[in-house]
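The values are calculated or read from the model by the stated rules, or taken from the named source; none is laboratory data. In this text, all values refer to a predicted model and were calculated from it rather than measured experimentally. Reconstructed Cβ throughout: ideal geometry from the backbone, glycine too, with neighbour counts over all protein chains shown.
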Amino acid sequence: MRGEHIVRCGEGRPGSEGFSLIELLVTIVIILILTALYWNPNTGSRQHARQMSCQKNLQKAYIALEIFANESGGKFPNVAGARTPGEALDVLVPRYTSDTSVFICPGSQDSLLPAGESLRSRRISYAYYMGRCLTNSLVLMSDKQVDSQARPAGAAAFSTTGKPPGNNHGKYGGNFLFCDGHVELAPPQVPFALELGKGEVLLNP
């Protein structure tokens, strides 16, 4: 038949070969490893995504804080006797924001909050520097810190082990929202001082 190749039943086409069992097993193992890496909460890409989501939360919270301050002589919420950040920031909900999800860090284990409901008796994920105003250049909010103390540059503000306290993002540091609205990601040992001036207090969850 003029050199035509005849494919008989049971024969493969020339040059085609199926996967061997070993190749199939290797492929499955690679997929399993990649899946495990993706779903590992400490994987770099997932940590980065959570930290970026956390920054967006703080920026959204700042919108409400800034509107409040503009209506209050440039001062951010300052509630006499407040012992938690939820008590101090409760004045924002629902007048200035009904989106309470912005007060929960995506890297924390904190439960979501009911939309538009009071924060007073709720646990939020962020620390709040009460007593500051729009003209400050200092930190206004941050991820949970290890305690409520002032600290010099280089001291640990966040967990260095990944264990509580101060571990919203494990051992990978945390975010700071400043009074001018910008957000910075910092390692556990913060490169700048976290001071407390007269009449200022850090309300840490």
Self-check item: Single match in GLY181, GLY116, GLY166 (criterion: of a type outside the set (Lys, Arg), touching a Ser or Thr at 6+ places or on another chain (Cβ under 6 Å), at pLDDT 95 or above and closer than 25 Å to ARG50 by Cβ)
Solution: GLY166
Practice problem: For the stretch 99-111, name all the residues that are outside any helix (DSSP H, G or I) and of a type outside the set (Val, Ile, Thr). | Solution: ASP99, CYS105, PRO106, GLY107, SER108, GLN109, ASP110, SER111
Self-check item: Residues (outside any strand (DSSP E or B) and either over 14 Å from ASP180 (Cα atoms) or under 22 Å from the mean Cα position of the chain (by Cα) (or both)) located in the stretch 115-135
Solution: ALA115, GLY116, GLU117, SER118, LEU119, ARG120, SER121, ARG122, ARG123, ILE124, SER125, GLY131
Self-check item: Selection from the stretch 57-92 of residues that are over 23 Å from SER148 (Cβ atoms), without any contact (Cβ under 8 Å) to a residue 24 or more places away in the chain and either among the charged types (D, E, K, R) or not in a loop (DSSP other than H, G, I, E, B) (or both)
Solution: GLU71
Practice problem: Could you tell me whether any residue of the stretch 144-158 is touching a Leu at 6+ places or on another chain (Cβ under 8 Å) and at positive phi? | Solution: no
Quiz item: Could we say that THR161 is polar (S, T, N, Q), within 19 Å of ALA64 (Cβ to Cβ) and surrounded by fewer than 17 Cβ atoms within 10 Å (Cβ to Cβ) here?
Solution: no
Quiz prompt | Test set (1) surrounded by 17 or more Cβ atoms within 10 Å (Cβ to Cβ); (2) in a loop (DSSP other than H, G, I, E, B); (3) touching a residue at least 24 places away in the same chain (Cβ under 8 Å) - LEU202 fails condition number | solution = (2)
Quiz item: Listed residues VAL146, VAL190, VAL139, VAL93; which is more than 18 Å from TYR62 (Cα to Cα), surrounded by 22 or more Cβ atoms within 10 Å (Cβ to Cβ) and modelled with pLDDT of 95 or more?
Solution: VAL190
Self-check item: Residues satisfying the stated conditions in the stretch 147-157, i.e. farther than 26 Å from ALA64 by Cα, of a type in the set (A, V, I, L, M, F, W, C) and part of a loop (DSSP other than H, G, I, E, B)
Solution: ALA153, ALA155
Quiz item: Among the listed residues ALA186, ALA193, ALA153, which satisfies the condition of being closer than 27 Å to THR97 by Cβ and of a type in the set (Gly, Ala, Ser)?
Solution: ALA186
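Condition check ((1) aromatic (Phe, Trp, Tyr); (2) in a loop (DSSP other than H, G, I, E, B); (3) free of Cβ contacts under 8 Å to residues at least 24 places away in the same chain; (4) touching a Phe, Trp or Tyr at 6+ places or on another chain (Cβ under 8 Å)) across all residues:
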position	(1), (2), (3), (4)
THR97	no, yes, no, no
LEU113	no, yes, yes, yes
SER137	no, yes, no, yes
SER142	no, no, no, yes
SER159	no, yes, no, no
PRO164	no, yes, yes, no
HIS169	no, yes, no, yes
LEU177	no, no, no, yes
Practice problem: Among the residues of the stretch 57-68, write down those that are out of contact with any helix residue (DSSP H, G or I) (no Cβ under 8 Å at 6 or more places or on another chain) and surrounded by fewer than 21 Cβ atoms within 10 Å (Cβ to Cβ). | Solution: GLN59, ILE63, GLU66, ILE67
